[in-house]
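A.B. asks: Next up is a structure, given as structure tokens.
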Amino acid sequence: PVGSLEKEADVSKSRDQAVADAVRAAGGKNPRIKRAEKGGSEEKQLAGTVDPVSQSPECRVNINDLNELKAFRAPHTAVVNVLAAVRCLTAPRGTDLTKLDLSWAGSKKALANKVGFLGQLRGVDKERIPAAVLKKVREFTGPPNRPNPEFNADFVESKSNAAKGLCMWVVAIC
């Protein structure tokens, strides 16, 4: 049975990667979801990339990236940790971080409003992040002198290209 669990995990990873590849091929839209596209000017305005910290093109995040992330059923732990760190950094001031749902399900709910999510990224003030938030984010990134080897752009990119930009954003913010 342990071997069958490993095979199941490999199949799940393969399925998730196949969905992510299909989303990328469909221009960031999940081909399994049929719905009317929003044509609002706000979404078109925010559909570009978000790069609130650096001018590095790799650090950019766009709606297509968020669509790809949302398509994952059960992403790698590194992807979940990147989104958890982002959720901590974008949480409204005064939020009790111990009560914030940092699970994949909570992150998928946050990704439901892509325009709002991108707006939250833009709204983070690097100079005014509370110490408690930085401490919580360090649980995912590791301390500066001993960073978590799974929380770097190269490792995260091997799991999800879309999560790479968010990972670089978190590292640049912290």
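The values are calculated or read from the model by the stated rules, or taken from the named source; none is laboratory data. It should be emphasised that the depicted structure is a prediction, and the values quoted were computed from it without experimental measurement. Reconstructed Cβ throughout: ideal geometry from the backbone, glycine too, with neighbour counts over all protein chains shown. With ligands, DNA and RNA removed, areas are computed over all heavy atoms of the protein, side chains included. Shrake-Rupley method; radii C 1.70, N 1.55, O 1.52, S 1.80 Å.
A.B. asks: Over 19 Å between Cα atoms, which of K114/K135; K135/K159; K114/K164; K70/K159 qualify?
C.D. replies: Among K114/K135; K135/K159; K114/K164; K70/K159, the Cα-Cα distance tops 19 Å for K114/K135; K135/K159.
A.B. asks: From the backbone phi of region 121-134, what are the Karplus-calculated ³J(HN,Hα) couplings (6.51 cos²θ - 1.76 cosθ + 1.60, θ = phi - 60°) in whole Hz, Gly and Pro given as x?
C.D. replies: Once θ is set to phi - 60°, the couplings for region 121-134 become 4, 5, x, 6, 9, 3, 7, 10, 7, x, 4, 5, 5, 4 Hz.
A.B. asks: Rounded, prolate or oblate for region 59-174? Axes are the square roots of the Cα gyration tensor eigenvalues, ordered a ≥ b ≥ c, and the cut-off for rounded is a/c under 1.5.
C.D. replies: rounded
A.B. asks: Given +1 on the Cβ of Lys and Arg, -1 on the Cβ of Asp and Glu, and no further charges, what dipole in debye does region 74-174 carry about its Cα centre, rounded to the nearest 20?
C.D. replies: For this selection, approximately 220 debye.
A.B. asks: Now for a different question. Residue by residue through region 99-109, which ³J(HN,Hα) values in whole Hz follow from phi under the Karplus form 6.51 cos²θ - 1.76 cosθ + 1.60 (θ = phi - 60°), with glycine and proline marked x?
C.D. replies: Karplus values, whole Hz, x for Gly and Pro: 9, 6, 6, 9, 6, 4, 4, x, 5, 5, 5.
A.B. asks: Under a 5 Å amide H to amide H cut-off, with H placed in plane at 1.01 Å, what residues pair with N148 once short-range neighbours are removed?
C.D. replies: Excluding prolines and chain starts, which carry no amide H, the hits are G142.
A.B. asks: Here is a further query. Compute the Cα gyration tensor for region 122-170, then decide on rounded, prolate or oblate, letting a ≥ b ≥ c be the square roots of its eigenvalues: rounded whenever a/c is under 1.5, prolate when a/b is larger than b/c in the other cases, and oblate in all that remain.
C.D. replies: The shape class here is oblate.
A.B. asks: Could you check how much of the accessible area of region 69-141 is carbon and sulfur, as a whole percent, using a 1.4 Å probe?
C.D. replies: Of all accessible area on region 69-141, carbon and sulfur atoms account for 52 percent.
A.B. asks: Whole-Hz ³J(HN,Hα) for each residue in region 157-173, computed from phi via Karplus 6.51 cos²θ - 1.76 cosθ + 1.60 with θ = phi - 60°, x for glycine and proline: what do you get?
C.D. replies: After applying 6.51 cos²θ - 1.76 cosθ + 1.60, I find 4, 5, 9, 6, 4, 5, 6, 4, x, 5, 4, 5, 4, 4, 4, 5, 5 Hz.
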